[in-house]
Amino acid sequence: MNKPTLSLWLGGVLFALVHAPAYAEAWTLAQTLTAARDYSAELSASRNEAKALESMADSARELPDPKLKFGIENVPVQGNNDARFTREGMTMQKIGIMQRYVSEEKRDRKAQTLQAQSQSVNAQAQTLLANLQRDTAQAWLDLALSEQALKAARTLVNETERQLGVQKASVGAGSSTADSVLTLRVGLIAMRDKVTVAERDVRLAQARLLQLTGEQVSGVSGAMPTWQRLPADEASLNEGIALHPEVIAAARQANTAKARSSESAIAAIPDVDVEVYYAHRSEDYDDMAGVMFTVDLPLFQSKRQDKDHAADVSRTLQANDQLALTTRAHAAQLSTLIAEYQAAQTLWLRQRDDVLPLQQQRVKLLNAQYRAGQSELTALLAARRDLLDTTLAANLAAKTVARNWAAIHFLIPQETAQ
């Protein structure tokens, strides 16, 4: 191996050693939420849109740029002086500056409309953030609970695998029939299938977190959130409906419509163009200068500006109605989520506190009876399979509770650690 190749190989090994722990690192929920927020292209696009509207609002308060006007006027096109620039006294080389004056009130109201639009975009960004935090928390909790299910399934399978060696010895000693080993192997295959499903759930949760954060989250660390109970009492949750980002976004939309209506209310105030020019004529004629004014004439205000304002007023009323509908929809959504959470919590507690302990006692009892020769191997295997099924069912119920908890907790965006 030549020196350049060796150097490259050593560099690759060092790179792998340095970066390998990062890929294997477990993530806390706060770290995962922060990574998802920083990775989101939707949030970045929303922030940039809000900044653009703020810049436009600042620009809207300024007068339009002045215009430079220049050219040649009154060039003859007929007669003896056709196409001549110096024979006709009216022919002029003209240059001037024109400035449009828009009333300060109109400019301020346009800026207020753009600021309202910026606030609306920021409110919509909070909706995106809340949904992102909900999805990320659900994926993180799925991974945490899937790891627990996988660990429990592997423990039960390992216990059954150890039974295989004992069973073979029993067959050799003549205390068990030969088909008992086959029965045990068939049971092990069924239990290993459950382990495979649990492994799949872990990988699916990891893939979902990769999609949300752009990072390889191989496992979870840190304290679990208290998903076993509601984030707050029902009264507090209902009081917080006004703080939900979609409700705030609907309120911002209503404010935008109101600002636009205020802007169109003074649309009939005329704009004024002022032009100052200097005109140079041929040497035989005197130069000229002048000032010109151009004023808008809203002669048909009732058919134009008033109609536009009436349309904006109707849109404002529509936005207010949409705000009321959004508030009512969130109240119904919260009631639904709470009902789903409470039902899932009841089912999970029944599995954890009632069914699972009974299944564990049954396995212990049958295991003791089997060792004493008072029970068949098939009964013990069936009990272990039932225990595994119950363990996975309890874990699935826990995931449902955790998902509903995240959906309630992240209806409003939460602050995350930096």
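Would you check which residues across segment 346-391 are under 16 Å from L188 (Cα atoms) and hydrophobic (A, V, I, L, M, F, W, C) and list them? V363, L377, A379, L380, L381, A382, A383, L387, L388 - these are the residues of segment 346-391 that are under 16 Å from L188 (Cα atoms) and hydrophobic (A, V, I, L, M, F, W, C).
Taking first residues from segment 203-214 that are under 12 Å from S40 (Cα atoms) and partners that are among the hydroxyl-bearing types (S, T, Y) and outside any helix (DSSP H, G or I), the Cβ contacts under 9 Å between residues at least 6 apart in sequence or on separate chains come to L212/S40. If the condition is being modelled with pLDDT of 90 or more, more than 30 Å from V121 (Cβ to Cβ) and of a type in the set (D, E, K, R), then segment 51-95 contributes K67, K69, K94. For segment 204-238, filtered to residues that are surrounded by 12 or more Cβ atoms within 10 Å (Cβ to Cβ) and among the charged types (D, E, K, R), the residue that is farthest from V157 (Cα to Cα) is E234.
Contact map, segment 384-402: residues that are in contact (Cβ under 8 Å) with a residue 24 or more places away in the chain paired with residues that are among the basic types (K, R) and crowded, with 20+ Cβ neighbours inside 10 Å, Cβ distance under 7 Å, separation 6+ or inter-chain. Pairs shown: L388/K194; L392/K194.
May I ask you to verify whether Q360 is at pLDDT 90 or above, outside any loop (DSSP other than H, G, I, E, B) and within 37 Å of the chain's Cα centre (by Cα)? Don't jump to the end; show me each part of the working.
Working: at pLDDT 90 or above: yes; outside any loop (DSSP other than H, G, I, E, B): yes; within 37 Å of the chain's Cα centre (by Cα): no.
Spelling it out, it is not the case that Q360 is at pLDDT 90 or above, outside any loop (DSSP other than H, G, I, E, B) and within 37 Å of the chain's Cα centre (by Cα).
Looking across segment 167-178 at every residue that is assigned to a helix (DSSP H, G or I) and surrounded by 12 or more Cβ atoms within 10 Å (Cβ to Cβ), the one that is modelled with the lowest pLDDT is identified as V171. Condition check for G373 on (1) of a type outside the set (V, I, T); (2) assigned to a helix (DSSP H, G or I); (3) surrounded by fewer than 17 Cβ atoms within 10 Å (Cβ to Cβ): one failure, at (2). Mind counting the residues in segment 220-250 that are touching a Leu at 6+ places or on another chain (Cβ under 6 Å) and either farther than 13 Å from I408 by Cα or among the β-branched types (V, I, T) (or both)? Number satisfying all stated conditions: 2. Listed by first and then second residue, the pairs linking a residue in segment 266-279 that is over 17 Å from P64 (Cβ atoms) to a residue that is among the charged types (D, E, K, R) and in a strand (DSSP E or B), with Cβ atoms under 7 Å apart and 6 or more places separating them unless they lie on different chains, are Y277/K69; Y277/K94; A279/K94.
A quick yes/no check of all residues on (1) acidic (D, E); (2) closer than 30 Å to A398 by Cβ; (3) part of a helix (DSSP H, G or I):
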position	(1), (2), (3)
A57	no, no, yes
D82	yes, no, no
K94	no, no, no
K106	no, no, yes
A111	no, no, yes
Q126	no, yes, yes
E147	yes, yes, yes
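Residues in segment 239-283 that are surrounded by 15 or more Cβ atoms within 10 Å (Cβ to Cβ), in a helix (DSSP H, G or I) and not hydrophobic (A, V, I, L, M, F, W, C): 13 in all. For segment 310-324, give me each residue that is under 26 Å from the mean Cα position of the chain (by Cα) and touching a residue at least 40 places away in the same chain (Cβ under 8 Å). A319, N320, Q322, L323, listed by residue number.
So, E62, is that one loosely packed, with under 12 Cβ neighbours inside 10 Å and either within 25 Å of E104 (Cβ to Cβ) or in contact with a helix residue (DSSP H, G or I) (Cβ under 9 Å, 6 or more places away or on another chain) (or both) or not? Criteria met by E62. Pairing each residue of segment 61-81 that is closer than 23 Å to G290 by Cβ with any residue that is of a type in the set (D, E), provided the two are 6+ apart or on different chains, yields C-beta distances under 8 Å for K69/E275; N74/E88; V75/E88; P76/D82; P76/E88.
Check L366, L347 and return the single one that is surrounded by 12 or more Cβ atoms within 10 Å (Cβ to Cβ), touching a residue at least 40 places away in the same chain (Cβ under 8 Å) and not basic (K, R). Reasoning before the result, please.
On the way: L366 fails: touching a residue at least 40 places away in the same chain (Cβ under 8 Å).
Just one listed residue meets the conditions, L347.
Applying a threshold of 8 Å to beta carbon distances and a minimum spacing of six or more residues, or different chains, the list of pairs starting in segment 96-108 at a residue that is within 17 Å of T294 (Cβ to Cβ) and ending at one that is small (G, A, S) reads K106/A267.
Could you list, in sequence order, the residues of segment 318-357 that are among the charged types (D, E, K, R) and either more than 30 Å from A257 (Cβ to Cβ) or not in a helix (DSSP H, G or I) (or both)? Once the filter is applied, which keeps residues that are among the charged types (D, E, K, R) and either more than 30 Å from A257 (Cβ to Cβ) or not in a helix (DSSP H, G or I) (or both), segment 318-357 yields E340, R350, R352, D353, D354.
The values are calculated or read from the model by the stated rules, or taken from the named source; none is laboratory data. This one's a predicted model, so the numbers in the text were calculated from it and none came from an experiment. Using ideal geometry, Cβ is built from the backbone for each residue, glycine included, and neighbour counts are taken over all protein chains shown.
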